[in-house]
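Just below is one structure, and these are the notes that go with it.
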DNA sequence: CTTGAACCTCTAGTCACTAGAGGCATTACA
DNA sequence: TGTAATGCCTCTAGTGACTAGAGGTTCAAG
């Protein structure tokens, strides 16, 4: 049994974030000492590692709640979990696509002024002022 | 001179968002009718288009405030504006990199269970529970 | 047994909006 | 000119996923 600080160190999740996860129902309410401090064991550690890993992969708290529920019903885990992962993948791909368009636009904008440190016709500002100067959608 | 609703239609920025931008100092305080309603002209329209375009490109409100300030000092506009754009570009590239790593991981996870609709050893859940199953950093 | 670090709860702040309540202004039409 | 519909006003509170701080209690080491 170890404290919330120890759990924090082992999982690299900050202490207030652990309490927040508990409040959100991601973590079961921890056992307490007589003095009301939280104590955790291996189970808590594994659960929090799972949560952290899912968050790192961009899953929302809501999605993680679903995944946890699925964990508790192994009979229908796989399909549901795979669906959630695929939906997450779709999101990620959409974001990548959008960011790539932005990247191209920003490269073009940044290059405009290169060299002439001072100018009244800044290309960055001109591009922002007039969307027609953009080469593609974003 | 036109109303906030008209401005909203022309720029595709929602009415409460326009008011929010005014409060944040991105838009100058609009003129008012005798009945206290906001009225805008071409200048307001251009400024809001600029803001919307910058937001679409992912610039923060703070960054936009800087860009607007630079617009008002044409002598030092270009360098400052280009710096802000480049910093934005760096951010965007970092995000893309991270998302690509996530994409690969999610593809791998999603594929694990394909075919066997029901299984106790769901690959998605197993992967989330044990980071060691991941093939690369994220 | 004392000290200091770690813990507790609670409230409020972050960013960039969005939603809703309750009330006044404007406009279109009869 | 009357009235009804629509649009506008301000203000407060909510979103997601935390983070920061105040003010107080408990634990573990020496």
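Just to be sure before I move on: is residue B:118 surrounded by fewer than 16 Cβ atoms within 10 Å (Cβ to Cβ), modelled with pLDDT of 75 or more, closer than 26 Å to residue A:79 by Cβ and facing chain A (nearest Cβ under 9 Å) in the structure I sent? Reasoning before the result, please.
Working: surrounded by fewer than 16 Cβ atoms within 10 Å (Cβ to Cβ): yes; modelled with pLDDT of 75 or more: no; closer than 26 Å to residue A:79 by Cβ: yes; facing chain A (nearest Cβ under 9 Å): yes.
The answer is no for residue B:118.
When the residues of segment A:67-84 are narrowed to those that are crowded, with 16+ Cβ neighbours inside 10 Å and under 14 Å from residue A:50 (Cα atoms), which ends up farthest from the other protein chains (Cβ to nearest Cβ)?
This residue is A:68.
Applying the selection to segment B:51-73, what residues are in a loop (DSSP other than H, G, I, E, B) and under 15 Å from residue A:109 (Cα atoms)? Don't jump to the end; show me each part of the working.
Within segment B:51-73, the first condition is being in a loop (DSSP other than H, G, I, E, B), and the residues that meet it are B:57-60, B:72-73.
The answer is B:57, B:58, B:59.
Could you tell me which numbered condition residue B:102 fails, if it satisfies all but one of (1) within 16 Å of DNA strand C (Cβ to nearest atom); (2) facing another protein chain (nearest Cβ under 9 Å); (3) in a helix (DSSP H, G or I)?
The single condition residue B:102 does not satisfy is (1).
Answer yes or no: is there a residue in segment B:20-30 that is at pLDDT 90 or above, closer than 27 Å to residue A:98 by Cα and in a helix (DSSP H, G or I).
yes
What's the number of the only condition in (1) crowded, with 17+ Cβ neighbours inside 10 Å; (2) more than 10 Å from DNA strand D (Cβ to nearest atom); (3) more than 14 Å from chain A (Cβ to nearest Cβ); (4) over 18 Å from the mean Cα position of the chain (by Cα) that residue B:7 fails to meet?
So residue B:7 meets the others, but not (2).
Kindly establish whether residue B:78 is at pLDDT below 90 and more than 30 Å from residue A:79 (Cβ to Cβ). Don't jump to the end; show me each part of the working.
Numbers: at pLDDT below 90: yes; more than 30 Å from residue A:79 (Cβ to Cβ): yes.
Considered against the rule, which asks whether it is at pLDDT below 90 and more than 30 Å from residue A:79 (Cβ to Cβ), residue B:78 comes out as yes.
Here is a check on your reading of the model: is residue A:32 surrounded by 14 or more Cβ atoms within 10 Å (Cβ to Cβ) and either within 9 Å of DNA strand C (Cβ to nearest atom) or within 14 Å of chain B (Cβ to nearest Cβ) (or both)?
Details: surrounded by 14 or more Cβ atoms within 10 Å (Cβ to Cβ): no; either within 9 Å of DNA strand C (Cβ to nearest atom) or within 14 Å of chain B (Cβ to nearest Cβ) (or both): yes.
Here the answer is no, as residue A:32 does not meet what is asked.
Consider segment A:35-49. How many of its residues are near DNA strand C (Cβ under 9 Å from one of its atoms), part of a loop (DSSP other than H, G, I, E, B) and surrounded by 12 or more Cβ atoms within 10 Å (Cβ to Cβ)?
First, the residues of segment A:35-49 that are near DNA strand C (Cβ under 9 Å from one of its atoms): A:35-39.
Filter again for part of a loop (DSSP other than H, G, I, E, B), leaving A:35-37.
Now drop any that are not surrounded by 12 or more Cβ atoms within 10 Å (Cβ to Cβ), which leaves A:37.
The number of residues fulfilling the criteria is 1.
The values are calculated or read from the model by the stated rules, or taken from the named source; none is laboratory data. This is a predicted model, so every value here is computed, not measured. Cβ: placed from backbone, ideal geometry, glycine included. Neighbour counts: every protein chain shown.
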